[in-house]
1. For segment 261-289, give me the residue count where each residue is touching a Lys or Arg at 6+ places or on another chain (Cβ under 8 Å), surrounded by fewer than 19 Cβ atoms within 10 Å (Cβ to Cβ) and among the basic types (Lys, Arg).
2. Is there a residue being open to solvent by 60 Å² or more (accessible area, probe 1.4 Å), of a type in the set (A, V, I, L, M) and not in a loop (DSSP other than H, G, I, E, B) anywhere in segment 129-142?
3. Being out of contact with any Gly (no Cβ under 9 Å at 6 or more places or on another chain), buried (at least 16 other Cβ atoms within 10 Å of the Cβ) and of a type in the set (Val, Ile, Thr) is true for just one of Val65, Val11, Val34. Which residue is that?
4. In contact with a Cys (Cβ under 8 Å, 6 or more places away or on another chain) and in a loop (DSSP other than H, G, I, E, B): which single residue out of Leu2, Leu15 fits that description?
5. Taking segment 18-31 as the search range and keeping residues that are open to solvent by less than 30 Å² (accessible area, probe 1.4 Å) and in contact with a helix residue (DSSP H, G or I) (Cβ under 7 Å, 6 or more places away or on another chain), which one is nearest to Val65 (Cα to Cα)?
6. Which members of segment 168-190 meet the condition of being crowded, with 17+ Cβ neighbours inside 10 Å and either under 15 Å from the mean Cα position of the chain (by Cα) or charged (D, E, K, R) (or both)?
7. Given Leu183, Leu154, Leu198, which one is in a helix (DSSP H, G or I), in contact (Cβ under 8 Å) with a residue 40 or more places away in the chain and closer than 26 Å to Leu77 by Cα?
8. Pick from segment 205-226 the residues that are without any contact (Cβ under 8 Å) to a residue 60 or more places away in the chain and out of contact with any strand residue (DSSP E or B) (no Cβ under 7 Å at 6 or more places or on another chain): which of them is surrounded by the fewest Cβ atoms within 10 Å (Cβ to Cβ)?
Amino acid sequence: MLKPEAGKSIVDATLGAGGHAEALLLHGARVTGVDQDAQALSFCEQRLQRFGAQFRGVHGNFAEVLEELSEPCDGLLLDLGLSSRQLEAKERGFSFQHNGPLDMRMSQKGKTAAELVALLDEKALAGILSVFGEERFAHAIARELKRGLPQTTLEAVSCIERAVPRAMWPRKIHVATKSFQALRIATNRELEALQSALESIPRCLKVGGVATIISFHSLEDRLVKQKFLALSGRRPLLAQEARLPIAGEFVKEAAFLLLTPKAIRPSEEEVLQNPRARSAKLRAILRLV
């Protein structure tokens, strides 16, 4: 979709461990890599240092960086999943499989997931678990989390396991998967950042530029799908979307072409090689004018 080559500038706005950035650089593109995780950025700057000035790292939240981008680019990539490095770092608190502090902060600033659990009342916490995690036992889990006030990941897992009847534990995923996902999204305000980034697409891309977004959660994918449909004129624009800022002017007709009428999913072979890709969905859009 991005067709990286010499002369093209691409923003990898969710740098992670640098796998996508490296692939783009190997094809000759110039890459600006963005990550709010200082540890991830430092790792990538070392990993990609052989590319010299072809790669530039930027520390910050992707939504803020895209809003302040100094000039439009040929390609934009958002991979909204966690990197394996983050999941496997037990001190970061993202994984229910390793014991560590219940932190979950991408930027390591602001309130931790444990502090969020303590701060919210039971009803608000249940709402987060229900909406962001699509967890059917949200209220029971919220009750146990408020009762236990976990400080570590395994303490949180124990609360969740107590809340969900053993016979109702899912077979294909861990019983804590959805709750941990919801807490991470809330801790990092991920959906707000995604919405802001989607609004920035018209001013981020050159004519002929492509935006590609990989999501792993139905709410994320729904936001991407709706925005891409609106930009491409595939559904009526909402009132606030009717006049899109493009290069300082306003357009009334669709300025984008939807490249993915249906989301692209990983093949069975890829999922076997990388089980974490199983829920990934890729959508892409091309700026026409």
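1. Total satisfying the criteria: 1.
2. yes
3. Val65
4. Exactly one residue qualifies, and that residue is Leu15.
5. Filtering segment 18-31 for residues that are open to solvent by less than 30 Å² (accessible area, probe 1.4 Å) and in contact with a helix residue (DSSP H, G or I) (Cβ under 7 Å, 6 or more places away or on another chain), the one nearest to Val65 (Cα to Cα) comes out as Val31.
6. If we filter segment 168-190 for residues that are crowded, with 17+ Cβ neighbours inside 10 Å, which is where we start, we get 175-176, 178-188, 190.
Passing the criteria: Lys178, Phe180, Gln181, Ala182, Leu183, Arg184, Ile185, Ala186, Thr187, Asn188, Glu190.
7. Details: Leu154 fails: closer than 26 Å to Leu77 by Cα; Leu198 fails: in contact (Cβ under 8 Å) with a residue 40 or more places away in the chain.
Answer to the check: Leu183.
8. Out of the qualifying residues, it is Arg222.
The values are calculated or read from the model by the stated rules, or taken from the named source; none is laboratory data. The shown structure was predicted, so the numbers you read here are calculated from the model rather than taken from an experiment. Counting neighbours? That spans all protein chains shown, and the Cβs are built from the backbone with ideal geometry, glycine included. Ligands, DNA and RNA are excluded from the accessible area calculation, which covers all protein heavy atoms including side chains. Shrake-Rupley method; radii C 1.70, N 1.55, O 1.52, S 1.80 Å.
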